[in-house]
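The values are calculated or read from the model by the stated rules, or taken from the named source; none is laboratory data. No experiment lies behind these values; they were computed from the predicted model shown. In this analysis, Cβ positions are derived from the backbone assuming ideal geometry, glycine residues included, and neighbour counts consider all displayed protein chains.
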């Protein structure tokens, strides 16, 4: 049987973590959080809480990834902890909505950013009987190109991800450094930014906004079957990548509040102020002048494309792992004999993403899956506790620090966020539950009792070299 290639080294693995987390949230979410929090202090606290929660989740995934370094990530952990049905439901939501919706969102976002300095926005392209907005055509073009790249060997996708991530971090670091050199900047903007606590509901919404910017720390384990020396490199890449992201977000947000008065941050681009410049654009104009719009748009487009490439590379490994367990159509579990990549899974994923981009309605669907996603995050953290009890003698190259407090605290906070999500966005949450229930029906009708028996495949599931 053709096997995966462990072609992702430590830098490629870490770049997947950083690249899939840092998308566009760091450029946009601070304004919304400022409107909810009312002061610099509580915005920074919300960023810190969201970062700590994400880091706790990453620690639990580092333990699970070291124990089960096989393709599929969360699907593997959930199947181990709770059985085939729970693993299948995760994969069902990931395959049909979460991954293609994210890819489409990043592609459309990249096209919109590029439209600032290229003739994309507002143009119509005629393709035979079809008339498509040029933004959608550009988005589809991005999906096609990056899908083709990810059909090549995993080392090519990993090298591209490393290059894009390094460039992205350098650009964001440049923005942060420039913010501290802004002529109107003042430390008083930060130190005088205290205020009353905004209330638990508002603070929860602020944390939720920041969590969107941190989302993606769970992606690397999906491609664990292609990481070299996974017991060592997987935990290091997850934890090291999270530290880089946390530091980047902290410096950038401090830079925002140093460069601008609080009210300037609060009135930046958001739902409440849709025509205002993004907070990053306001900061950039302090030291870049008229070149701000084009440079920032390019940085945001690069950031979104890097996240899209990471989502493509990791997301296709979930249906591949499920199909190998006899819980999905067999073609999804086939590897190309030449590139040893799950090419069919990559292509189907790309086709679904194109459909989402064309529909223009993927936001509602991706909002619906947020509820289910955080449910699975909580279940995965809980499986760390279950497996410590059930399999105490299993080798654990990395052990979650602060066990059992860290995973239990993560589960509790995740459940509180789920309750808050149902309260604030009932209908999208209900739609997410309906999609999950549909997955239960499909599993019972077609796959119950057909799951391949669990086997130890830590090192045998992939070849170490090409």
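Some notes on this structure:
- A count restricted to the stretch 230-241 and to residues that are under 19 Å from residue 72 (Cβ atoms) and over 18 Å from the mean Cα position of the chain (by Cα) stands at 3.
- Out of 285, 270, 303, one residue alone is touching a helix residue (DSSP H, G or I) at 6+ places or on another chain (Cβ under 7 Å), over 30 Å from residue 453 (Cα atoms) and not in a helix (DSSP H, G or I). It is 270.
- First in the stretch 149-165 and on the phi < 0 side of the Ramachandran plot and without any contact (Cβ under 8 Å) to a residue 60 or more places away in the chain, second anywhere and surrounded by fewer than 21 Cβ atoms within 10 Å (Cβ to Cβ) and part of a helix (DSSP H, G or I), Cβ under 7 Å, 6 or more apart: 156/149
- Of the candidates 81, 37, 101, the single residue that is closer than 30 Å to residue 228 by Cβ and touching a helix residue (DSSP H, G or I) at 6+ places or on another chain (Cβ under 7 Å) is 81.
- You will find that of 72, 109, the residue that is within 30 Å of residue 144 (Cα to Cα) and not in a helix (DSSP H, G or I) is 72 and no other.
- Among the residues of the stretch 398-425, those that are surrounded by fewer than 19 Cβ atoms within 10 Å (Cβ to Cβ) and either in a loop (DSSP other than H, G, I, E, B) or touching a strand residue (DSSP E or B) at 6+ places or on another chain (Cβ under 7 Å) (or both) comprise 399, 401, 402, 403, 404, 425.
- Taken across the stretch 132-141, residues that are surrounded by fewer than 20 Cβ atoms within 10 Å (Cβ to Cβ), under 21 Å from the mean Cα position of the chain (by Cα) and assigned to a helix (DSSP H, G or I) do not occur at all.
- Test: residue in the stretch 196-218 that is in a helix (DSSP H, G or I) and under 16 Å from residue 237 (Cα atoms): yes
- Pick from the stretch 219-234, criterion touching a strand residue (DSSP E or B) at 6+ places or on another chain (Cβ under 9 Å) and not in a helix (DSSP H, G or I), ranking: farthest from residue 49 (Cα to Cα): 228
- Residue in the stretch 260-268 that is more than 30 Å from residue 447 (Cα to Cα), surrounded by fewer than 23 Cβ atoms within 10 Å (Cβ to Cβ) and within 26 Å of the chain's Cα centre (by Cα) present: no
- Only listed residue being surrounded by fewer than 24 Cβ atoms within 10 Å (Cβ to Cβ) and at pLDDT 90 or above, chosen from 112, 53: 53
- Test for residue 89: is it closer than 26 Å to residue 451 by Cα and touching a strand residue (DSSP E or B) at 6+ places or on another chain (Cβ under 6 Å): no
- Among the residues making up the stretch 368-396, those that are in contact (Cβ under 8 Å) with a residue 24 or more places away in the chain and surrounded by fewer than 17 Cβ atoms within 10 Å (Cβ to Cβ) are 386, 394, 395.
- Enumeration of residues in the stretch 308-326 that are more than 24 Å from residue 25 (Cβ to Cβ) and outside any helix (DSSP H, G or I): 325, 326
- Residue count for the stretch 383-397 under the criterion of being in a helix (DSSP H, G or I) and over 13 Å from residue 58 (Cα atoms): the result is 7.
- Matching residues, the stretch 142-158, being in a helix (DSSP H, G or I) and modelled with pLDDT of 85 or more: 142, 143, 144, 145, 146, 147, 148, 149, 150
- Lone qualifier among 220, 170, 208 - being within 22 Å of the chain's Cα centre (by Cα), crowded, with 17+ Cβ neighbours inside 10 Å and modelled with pLDDT of 85 or more: 220
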